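So the structure is just underneath, and the comments pick up after that.
The values are calculated or read from the model by the stated rules, or taken from the named source; none is laboratory data. Bear in mind the structure is a predicted one, so any value in this text is a computation, not a measurement. Neighbour counts are summed over all protein chains in view; Cβ atoms, including those assigned to glycine, are modelled from backbone coordinates with ideal geometry.
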Amino acid sequence: MNVLIVHAHPEPRSFASALKDTAAAELRSLGHDVRVTDLYAIGFEPRLARADFLETADPDYFKPQREQLHASECGTFAPDVQAQLDDLAWSQLVIFTFPLWWFSLPAILKGWVDRVFVMGRVYGGGKVHETGGMRGRRAMLCLTTGGPGESYSSRGRNGALDALLSHVQWGMLHFAGFEVLAPFVVWGPARAGSEDLAATLTVWRERLRAIEKEAPVTVGPLGG
Ligand SMILES: Cc1cc2nc3c(=O)[nH]c(=O)nc-3n(C[C@H](O)[C@H](O)[C@H](O)COP(=O)(O)OP(=O)(O)OC[C@H]3O[C@@H](n4cnc5c(N)ncnc54)[C@H](O)[C@@H]3O)c2cc1C
């Protein structure tokens, strides 16, 4: 299986980075091909702009989706966007590893979605959700939080995590055509002891061993 890991954490020794490293090592040991895009490490530019395109469809007015469509038709994406599109096309499973920031993705990862989930390749022309460009592929979120799990239950102060993540799991992943696997969530690693964190990495490895056959979950606009 071809697995793409897209990682967003500025600290290589963070627990989110340990989840990324563990996934890459475990999946490779199982014989899978793994590519890792470490967004901070490569200095990924998160701003969608004219520089994403080698030529413009309309030099007078910058309409991003029109330019994405044009670049999809003409193969004129800037090399950094094209490289990410090539990785997506190669992948069968995409794992996103990141800390929950403001109930959402770190900006660098949201910027990756803005620039790489392009109209014309990933969605568009009526091809969204089940017919999206990423159909036949699976995706999953692997994230850490600051708050404890109780605060992300349906009765918790922060609200149910599945509902909070629906703009990502439904509005980005499923919209693009991915089947979505249940997220792997590590609640408050900064407050956990080293034994608990080591045990969490063991649970993560165990899940990865069976991930090739794992069934997707139901996602929707208000969560699962
Ligand atoms: C801008 C911003 C917005 C935020 N918004 C939210 C929010 O909306 N909701 C929320 O809940 N939280 C929020 N937070 C908190 C954030 O989600 C957590 O701080 C983060 O998820 C913790 O994960 P980490 O990887 O950064 O942990 P770290 O603090 O980097 O690591 C935790 C511990 O794991 C240890 N560790 C690392 N690797 C290993 C290993 N291999 N084995 C054992 N131990 C290891 C580290 O040494 C450290 O002690 C926000 C934080 C920021 C900066």
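Tell me, yes or no, whether region 24-38 has at least one residue that is more than 19 Å from Val203 (Cβ to Cβ), out of contact with any Gly (no Cβ under 6 Å at 6 or more places or on another chain) and among the aliphatic types (A, V, I, L, M).
Scanning region 24-38, I find at least one residue that is more than 19 Å from Val203 (Cβ to Cβ), out of contact with any Gly (no Cβ under 6 Å at 6 or more places or on another chain) and among the aliphatic types (A, V, I, L, M), so the answer is yes.
Which of (1) closer than 19 Å to Gly220 by Cα; (2) within 14 Å of the ligand (Cβ to nearest atom); (3) buried (at least 16 other Cβ atoms within 10 Å of the Cβ); (4) not polar (S, T, N, Q) does Pro189 not meet, given it meets every other one?
Among (1) closer than 19 Å to Gly220 by Cα; (2) within 14 Å of the ligand (Cβ to nearest atom); (3) buried (at least 16 other Cβ atoms within 10 Å of the Cβ); (4) not polar (S, T, N, Q), the lone unmet condition for Pro189 is (1).
Pairs, please: C-beta under 6 Å, at least 6 apart or cross-chain, first residue in a helix (DSSP H, G or I) and in region 11-27, second within 7 Å of the ligand (Cβ to nearest atom)?
Once the first residue is in a helix (DSSP H, G or I) and sits in region 11-27, its partners that are within 7 Å of the ligand (Cβ to nearest atom) give Phe15/Thr144; Phe15/Pro189; Ala16/His9; Ala16/Pro99; Ala16/Thr144; Ser17/His9; Thr22/Leu201.
Mind listing whichever residues of region 2-29 are touching a helix residue (DSSP H, G or I) at 6+ places or on another chain (Cβ under 8 Å) and exposed (fewer than 15 other Cβ atoms within 10 Å of the Cβ)?
If the condition is that a residue be touching a helix residue (DSSP H, G or I) at 6+ places or on another chain (Cβ under 8 Å) and exposed (fewer than 15 other Cβ atoms within 10 Å of the Cβ), then Glu11 is the only one that fits.
Among the candidates Thr144, Thr97, Thr131, which residue alone is in contact with a strand residue (DSSP E or B) (Cβ under 7 Å, 6 or more places away or on another chain) and either away from the ligand (no atom under 16 Å from the Cβ) or under 19 Å from Arg35 (Cβ atoms) (or both)?
Numbers: Thr144 fails: either away from the ligand (no atom under 16 Å from the Cβ) or under 19 Å from Arg35 (Cβ atoms) (or both); Thr131 fails: in contact with a strand residue (DSSP E or B) (Cβ under 7 Å, 6 or more places away or on another chain).
So the residue among Thr144, Thr97, Thr131 that is in contact with a strand residue (DSSP E or B) (Cβ under 7 Å, 6 or more places away or on another chain) and either away from the ligand (no atom under 16 Å from the Cβ) or under 19 Å from Arg35 (Cβ atoms) (or both) is Thr97.
Mind checking which helices (runs of 4 or more DSSP H) fall wholly inside region 105-215 and carry at least 2 residues that are under 23 Å from Ala83 (Cα atoms) and modelled with pLDDT of 95 or more? Break it down stepwise before answering.
Details: elements: 107-116, 161-164, 194-209.
By residue number, 107-116.
Of the residues that make up region 64-77, is at least one in a loop (DSSP other than H, G, I, E, B) and closer than 22 Å to Ile108 by Cα?
no
Return the pair list, or none, for Cβ contacts closer than 8 Å from residues in region 209-224 that are without any contact (Cβ under 8 Å) to a residue 60 or more places away in the chain to residues that are assigned to a helix (DSSP H, G or I) and of a type in the set (Phe, Trp, Tyr), at least 6 apart or on different chains.
Filtered contacts from region 209-224: Val219/Trp170; Gly220/Trp170; Pro221/Trp170.
Check off (1) more than 20 Å from the chain's Cα centre (by Cα); (2) of a type in the set (Ser, Thr, Tyr); (3) farther than 27 Å from Gly111 by Cβ for Thr218 and give me the number that stays unchecked.
Failed condition: (1).
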